[in-house]
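The values are calculated or read from the model by the stated rules, or taken from the named source; none is laboratory data. The structure displayed is predicted, hence computed values, not measured ones. Heads up, the Cβs are rebuilt from the backbone with ideal geometry, glycines too, and the neighbour counts pull from every protein chain shown.
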Amino acid sequence: MTEEQINKLINKLDDEDYDVRKNVEDILVKIKQQSIGPLIKALNHENPEIQIESARILGKMADETALNALIEALKDGNPDFRREVTLSINKIVEKDD
């Protein structure tokens, strides 16, 4: 899957239809190694819902590659986003215990 295709999927993370969002999440998790980079970039997306969902999915993947970007995202002004980022960081850190 190309980065452009992955970015199109990421842009559907704010779809009104829960099933669409869930299917996109499942695909992104399945292609984990390909989607981590674009999901990290999406932490800076202009749409806060996409930021939040990207952080949540990165936490679900629990891959240390995303840790520095998630820590940096704690500086964001959106408390809902920071909460999701914190949860994701905890999942990554706890995975290593």
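Do the conditions hold for residue 36, that is, is it surrounded by fewer than 17 Cβ atoms within 10 Å (Cβ to Cβ), among the aliphatic types (A, V, I, L, M) and part of a helix (DSSP H, G or I)?
Here the answer is no, as residue 36 does not meet what is asked.
For the stretch 6-22, state whether one or more residues are exposed (fewer than 14 other Cβ atoms within 10 Å of the Cβ), in contact with a helix residue (DSSP H, G or I) (Cβ under 8 Å, 6 or more places away or on another chain) and assigned to a helix (DSSP H, G or I).
The answer is no, given that none of the residues of the stretch 6-22 is exposed (fewer than 14 other Cβ atoms within 10 Å of the Cβ), in contact with a helix residue (DSSP H, G or I) (Cβ under 8 Å, 6 or more places away or on another chain) and assigned to a helix (DSSP H, G or I).
How many residues are free of Cβ contacts under 8 Å to residues at least 40 places away in the same chain, crowded, with 19+ Cβ neighbours inside 10 Å and not aliphatic (A, V, I, L, M) when one looks only at the stretch 46-55?
1
Being modelled with pLDDT of 95 or more and in contact with a Ser or Thr (Cβ under 9 Å, 6 or more places away or on another chain) is the filter here; which residues of the stretch 1-17 pass it?
Across the stretch 1-17, the qualifying residues are 6, 9, 10, 13.
Would you mention how many residues in the stretch 23-33 are surrounded by 12 or more Cβ atoms within 10 Å (Cβ to Cβ) and assigned to a helix (DSSP H, G or I)?
Total satisfying the criteria: 7.
I want to confirm something. Restricting to the stretch 76-97 and keeping residues that are polar (S, T, N, Q) and part of a helix (DSSP H, G or I), which single residue is farthest from residue 56 (Cα to Cα)? Let's see the steps before the verdict.
So in the stretch 76-97, the residues polar (S, T, N, Q) come out as 78, 86, 88, 90.
Narrowing further to those that are part of a helix (DSSP H, G or I): 86, 88, 90.
Values: 86: 10, 88: 6, 90: 11 Å.
Among those that are polar (S, T, N, Q) and part of a helix (DSSP H, G or I), it is 90.
Only one residue in 62, 69 is of a type in the set (Gly, Ala, Ser), surrounded by 13 or more Cβ atoms within 10 Å (Cβ to Cβ) and on the phi < 0 side of the Ramachandran plot, so which one is that?
Within the list 62, 69, the selection yields 69.
One line per residue, one yes/no per condition, for (1) under 11 Å from the mean Cα position of the chain (by Cα); (2) under 19 Å from residue 4 (Cβ atoms):
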{"position": "21", "(1), (2)": "no, no"}
{"position": "34", "(1), (2)": "no, yes"}
{"position": "39", "(1), (2)": "yes, yes"}
{"position": "46", "(1), (2)": "no, yes"}
{"position": "51", "(1), (2)": "yes, no"}
{"position": "60", "(1), (2)": "yes, no"}
{"position": "65", "(1), (2)": "no, no"}
{"position": "72", "(1), (2)": "no, no"}
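Looking at the stretch 13-24, I want the residues that are free of Cβ contacts under 8 Å to residues at least 40 places away in the same chain and farther than 17 Å from residue 51 by Cα and have a partner that is among the aliphatic types (A, V, I, L, M) and surrounded by fewer than 16 Cβ atoms within 10 Å (Cβ to Cβ) with Cβ atoms under 7 Å, at least 6 apart or on another chain. Which pairs are those?
Note: no pairs meet the criteria.
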